[in-house]
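*Asks:* Quick one: structure below, then a few questions.
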Amino acid sequence: MPKIYLDYAATTPCDPKVLRAMLPYFKKDFGNPSSIHGFGQKALNAMSEAREALADFLGCDAPEIVFTGSATEADNLAILGTVKAAKIPALPAGRQKPHIITSQIEHPAVLESCRELEKRGAEVTYLPVDKDGLVQVLELKKALKPNTVLVSIMYANNEIGTIQPIQEISEAINEYNIQKTKSVPTGHLPQGDKILFHTDAVQAANFLDCDVKKLGVDLLTLSAHKIYGPKGVGALYAKKGTLINPVIYGGGHERGLRSGTENVAGIVGLGQAVKEIQSPNYKIQNIRIRQFRDKLIKNILKNIEGSRLNGSLTQRLPNNVNVSFEGAEGEAIVIALDQKGVATSTGSACSSGSLEPSHVLMALGLSEETAHGSLRLTLGRTNTLKDIEKVLKVLPVIIQKLRKISGYK
């Protein structure tokens, strides 16, 4: 049965141009980029071109890009690596604990890194969000303190699509850093004493401005397979001068921050994918995607009683629809839609095997029952108006049947 794919937040198909760019590096141009002979130098040059493409996309310098094996690895490097390198002011009683601030709705790659640091003795503040999933900048300001070394807030949420006020958060952190500077006799705050700001921009890259200078971030994470590139490659932007230690050790690849022979074909694919998402045609496609999203939201809420939109209506990714249905279980909805040829999800692909309700939806204040009745539809390039119309046709029937089975009235 032909499939309608509405799970682009989980992964995307590889763009044909991306695949073509990658193919030579699997066979003909297979050299190790650390080798000094011609084969190796050709691979190294290809990596350099990809690094330049990412630098152009992010508005940074090429040496500030670190290639990794995934966005998860990049998040781990950003969080574990900076905290490991941080200089914490000493108290009379001894060394002070490093303090990290994040939100309750982060991706598991961030949350689990923070929990690991807690096990090692760090202090972590998990900021709450409002009913739309937005971090309140005032709450962030209240959480900042002398031993804070890192703030990590995602740019756009992978489950509910909420876009965070990254620039405002950056301004708040910068103001605090300025105040710290005034308390230093030299009038200059050492780089290691500065509170760093990291954002996971994996879901944002397709649709939002990721210029790191405009955002005001020190660290930013990207993933290839979320932007029509290959799986198994990610990248971390680390601003020049940012103190960061490696979490993987070996031959000192990627300026000593990520040892291990680079995935040349994957890196080339990431570079090409970044070029493609900046094209004018792609921006036009995003307008169409937004229109499809709005049509889905409007008609689902209008035609299915007991449905609710999760996340912000306005501060939302153009491709994200997350809705909950009273009296229907999310996984049952996903299975029923799959049987009708429509691929969807209940939330994060990284947590799809969990029986626990979504931590993101629970943070919005939803009950466990409502959270379990959620459905995530995420759109992409291949979707058509016919796809949307089919979903709007079959979904009400599915919800009605599931409610009848559950005894919902």
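*Asks:* In segment 130-148, what residues are among the basic types (Lys, Arg) and assigned to a loop (DSSP other than H, G, I, E, B)? It would help to see each step written out before you state the result.
*Replies:* First pass over segment 130-148, keeping only residues among the basic types (Lys, Arg): 131, 141-142, 145.
The answer is Lys131, Lys145.
*Asks:* While we're on this one: For Lys226, are the conditions met, namely being part of a loop (DSSP other than H, G, I, E, B), in contact (Cβ under 8 Å) with a residue 24 or more places away in the chain and either more than 24 Å from Leu54 (Cα to Cα) or touching a helix residue (DSSP H, G or I) at 6+ places or on another chain (Cβ under 6 Å) (or both)? Working first, answer last.
*Replies:* Numbers: part of a loop (DSSP other than H, G, I, E, B): yes; in contact (Cβ under 8 Å) with a residue 24 or more places away in the chain: yes; either more than 24 Å from Leu54 (Cα to Cα) or touching a helix residue (DSSP H, G or I) at 6+ places or on another chain (Cβ under 6 Å) (or both): no.
For Lys226, the condition - part of a loop (DSSP other than H, G, I, E, B), in contact (Cβ under 8 Å) with a residue 24 or more places away in the chain and either more than 24 Å from Leu54 (Cα to Cα) or touching a helix residue (DSSP H, G or I) at 6+ places or on another chain (Cβ under 6 Å) (or both) - is not met.
*Asks:* In this structure, is Lys295 surrounded by fewer than 20 Cβ atoms within 10 Å (Cβ to Cβ), closer than 18 Å to Tyr8 by Cβ, touching a residue at least 12 places away in the same chain (Cβ under 8 Å) and of a type in the set (D, E, K, R)?
*Replies:* Numbers: surrounded by fewer than 20 Cβ atoms within 10 Å (Cβ to Cβ): yes; closer than 18 Å to Tyr8 by Cβ: yes; touching a residue at least 12 places away in the same chain (Cβ under 8 Å): yes; of a type in the set (D, E, K, R): yes.
Answer is yes for this residue.
*Asks:* Can I ask one more? I'm told Pro128 meets every condition in (1) at pLDDT 95 or above; (2) out of contact with any Ser or Thr (no Cβ under 9 Å at 6 or more places or on another chain) except one. Can you identify the failing condition by its number?
*Replies:* Among (1) at pLDDT 95 or above; (2) out of contact with any Ser or Thr (no Cβ under 9 Å at 6 or more places or on another chain), the lone unmet condition for Pro128 is (2).
*Asks:* Please determine whether any residue of segment 64-73 is touching a Cys at 6+ places or on another chain (Cβ under 9 Å), assigned by TED's automatic domain parsing to the domain that holds Gln203 and assigned to a helix (DSSP H, G or I).
*Replies:* Yes, there is a match, as at least one residue in segment 64-73 is touching a Cys at 6+ places or on another chain (Cβ under 9 Å), assigned by TED's automatic domain parsing to the domain that holds Gln203 and assigned to a helix (DSSP H, G or I).
*Asks:* Can you spot a residue in segment 82-96 that is closer than 30 Å to Thr12 by Cβ and within 18 Å of the chain's Cα centre (by Cα)?
*Replies:* no
*Asks:* Continuing with this model, one more query. Considering only residues of segment 230-276 that are buried (at least 20 other Cβ atoms within 10 Å of the Cβ) and β-branched (Val, Ile, Thr), which is nearest to Cys60 (Cα to Cα)?
*Replies:* Val274
*Asks:* While we're looking at this one, here's another question. Out of segment 149-170, which residues are outside any loop (DSSP other than H, G, I, E, B) and surrounded by 22 or more Cβ atoms within 10 Å (Cβ to Cβ)?
*Replies:* Within segment 149-170, the subset outside any loop (DSSP other than H, G, I, E, B) is 149-152, 156, 162-163, 166-170.
Within segment 149-170, Val149, Leu150, Val151, Ser152, Ala156, Thr162, Ile163, Ile166, Ile169 qualify.
*Asks:* Scanning segment 260-310 for residues that are in a loop (DSSP other than H, G, I, E, B) and of a type in the set (A, V, I, L, M, F, W, C), which turns out farthest from Lys42 (Cα to Cα)?
*Replies:* First, pick out the residues of segment 260-310 that are in a loop (DSSP other than H, G, I, E, B): 260-263, 277-279, 304-306, 310.
Imposing the further condition that a residue be of a type in the set (A, V, I, L, M, F, W, C) reduces the set to 277, 304.
On the way: Ile277: 25, Ile304: 57 Å.
Among them, the one singled out is Ile304.
*Asks:* So which residues in segment 97-129 are under 14 Å from Ile153 (Cβ atoms) and either in a loop (DSSP other than H, G, I, E, B) or among the polar types (S, T, N, Q) (or both), if there are any at all? First the steps, then the outcome.
*Replies:* From segment 97-129, those under 14 Å from Ile153 (Cβ atoms) are 100-107, 109-111, 113-114, 124-129; that's our starting set.
Correct list: Thr102, Ser103, Gln104, Ile105, Glu106, His107, Ser113, Thr125, Pro128.
*Asks:* Separate question: Conditions first: (1) modelled with pLDDT of 95 or more; (2) in contact with a Leu (Cβ under 8 Å, 6 or more places away or on another chain). Leu257 passes all but one, so which condition is the exception?
*Replies:* Failing condition for Leu257: (1).
*Asks:* Pick from Phe39, Phe67: which is over 17 Å from Asp218 (Cβ atoms) and touching a strand residue (DSSP E or B) at 6+ places or on another chain (Cβ under 6 Å)? Before you say what the answer is, go through the steps one by one.
*Replies:* On the way: Phe39 fails: touching a strand residue (DSSP E or B) at 6+ places or on another chain (Cβ under 6 Å).
The unique qualifying residue is Phe67.
Here's the yes/no breakdown for (1) of a type outside the set (Lys, Arg); (2) within 21 Å of Asp132 (Cα to Cα); (3) without any contact (Cβ under 8 Å) to a residue 40 or more places away in the chain; (4) outside the structural domain of Pro165 (by TED's automatic domain parsing):
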{"position": "Arg308", "(1), (2), (3), (4)": "no, yes, no, yes"}
{"position": "Thr314", "(1), (2), (3), (4)": "yes, yes, yes, yes"}
{"position": "Val321", "(1), (2), (3), (4)": "yes, yes, no, yes"}
{"position": "Ser324", "(1), (2), (3), (4)": "yes, yes, no, yes"}
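The values are calculated or read from the model by the stated rules, or taken from the named source; none is laboratory data. It should be emphasised that the depicted structure is a prediction, and the values quoted were computed from it without experimental measurement. Cβ sites come from the backbone with ideal geometry, for glycine too, and all protein chains shown count toward neighbours.
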